[in-house]
1. So, R0 is 51 Å and r is the distance between the beta-carbons of C280 and V329; what FRET efficiency does that work out to, to 0.05?
2. Over the heavy atoms of Y351, what accessible area does a 1.4 Å probe trace out, to the nearest 10 Å²?
3. Hey, rough spin-label estimate for V226 and C497, points 7 angstrom out along Cα→Cβ, what's it come to in nanometres?
4. How compact and how long is the stretch 212-324, expressed as Rg and Dmax of its alpha-carbon atoms in Å?
5. Averaged per residue, what accessible area in Å² does the stretch 228-303 show with a 1.4 Å probe, protein chains only?
6. With all protein chains present and a 1.4 Å probe, how do T297, T146 order by accessible area, largest first?
7. Any idea how far apart L364 and V193 come out in nm if each label point goes 7 Å out from Cα toward Cβ?
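The values are calculated or read from the model by the stated rules, or taken from the named source; none is laboratory data. Treat the numbers as computed from the prediction; the structure is a model and nothing was measured. Using ideal geometry, Cβ is built from the backbone for each residue, glycine included, and neighbour counts are taken over all protein chains shown. Keep in mind that these areas ignore ligands, DNA and RNA; they rest on the heavy atoms of the full protein, side chains included. Shrake-Rupley method; radii C 1.70, N 1.55, O 1.52, S 1.80 Å.
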Amino acid sequence: VAEPPAPAQARRSSAASSRSVVHAGARCTDFLCCFIFVVCIGAMCALAVFGAIHGNSQVLQRFVNGRDSHGRLCGVDGPVKDFRDVFFTLPVRSDPVMEASGELRPGIKNELKAVCTKKCPQSTSATAERQNSTAREGDLCPPDDTSAGLCAWYGGNTTELGFYCVDLVLFTESSEAGHWLQDLKVASWRLAVLPLIAVVLGFLYLVFVQRLGATCIWLSLVVSAVVPIFLGWVFFHEAGIKESGGQTMNQIFDRIDVKDLRYVAYGLWILSGLIGLLACCCCGTIKGIIAVLKITTEFLMDVPSQFVQPLFVGLAQLVFLAGWTLLFVQVASIGIIEGDQQTCIQAGDIYCLKWDTTSQRWGLLFLVFMLYWVENFLHALSHYGTSYAVGAWYFASVDIVTGRRKIAEGGSSSFSHMRGCSEIPSWERCQFAKLRWFRRSCCDCTLSIKAFCHGLTRHAGSLAFGAFAVALCRVLQLFLWWAKKKDEVVGNPVTQCIWRIVNCLADCFTRFVEFVSEHAYVEVALRGLGFCAAARKSLSM
């Protein structure tokens, strides 16, 4: 067997010497933080049991189904089972809700009645809210409400919030949430197909960068230098035409003095020279950027499972969010009761739910923090998995024949590992080889799975430590935002300015913590360090 070429020998010796760096994490790190994280997860489970025993989740159905003025639950109770939605209206021939000045009529909410219906009413004209309330079709409301003259509408537009038909002009407290829900409902199918589109576009972008990335970078630098030269020539040429008394190409040049036109041209030429000088001085940096792009695309083409890893992590985050929402609702139902409907309508509260205790607040606060902690832990695990896979791929030995890396952990699925069709005797066998490569490319997640398992079994404490720091910053930032919103009602400009400064500083600090954490995860994956040591190492680089 012929000896491998010198570069391959250097690569293999480098891989052998660097393999200890990739697999340095043979011990568990930050065990105490891992223990605390597990205890908090157990506390969430205990809180779920407590909420199931002492909660009243049936009352929370009011967030979906409303009650009419007779106390019947729309879409649920027998007489109104076929009338799912609820709307708030005025009896037939009531005065308009709007005055001639365009303001709401005083005391209008005291006259509103909740009525079950099959379809939310909508406005018939731009001035409908200034007309008397008129009757709707009889089959849209229960017979007793129709005979009582309550199946009527005053002409406003409604927005569907669950099974509530809400006029956001009257119930301004629900306007922001209403717009959010409507936008989410309209964009739901687009959001569903976005992950698939992102994967397809990502692969196309990888191919583009791999083949034309260097060309595009140099071309953009050339264009950045040439465009100011051309524009400078245009300004200088127009200055000469204007000085000779000729007609310029645009009125803009007529408004500028000849001397100023030439100054602009000189400035553009100087800018072009500076760009060219900067490109020459930073040639090494530019080549480094190109090399990073190439090595990144090479990695993702060799280990395509890493390309879909964020989708699976995102799916895990959505699953946790769904379970957390159910738990949050269960805990929030502790001590909840229904209030007087007419009083709630006057206050603009369409759901009319109140709490007779404050014991659940601490539980809800704990759940909010755990939401941020677990979601950031999953993000940290994804970042760790990618860093581990990159290290295993980069320090892997190189195949002498193909020139590609052979990852000992598995998961390498490069198309270049398959021989070309010219080397395969039959066309059918060539196509079979392509299908086999496609199956391995899509299904070989060995390296990604091993990276996740390694992170969970060896460095879960370090990942939880970093996620805790980010979650703490995010929760504090959330409370600052809530406090700022409350003070905005007062309208004190000095207080608002102070809150904006504080929120800006909190946002900067949060970004810094996220930056340090993400780089620390890389050091944890490559060197097996604890979070604090990894953070210090990443900051020193």
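1. The pair C280/V329 has a calculated efficiency of 0.25.
2. 60
3. 5.0
4. According to the Cα coordinates of the stretch 212-324, Rg and Dmax are 24.7, 78 Å.
5. Accessible surface, normalised per residue, equals 63 Å².
6. T146, T297
7. With each label placed 7 Å out from Cα toward Cβ, I get 3.9 nm.
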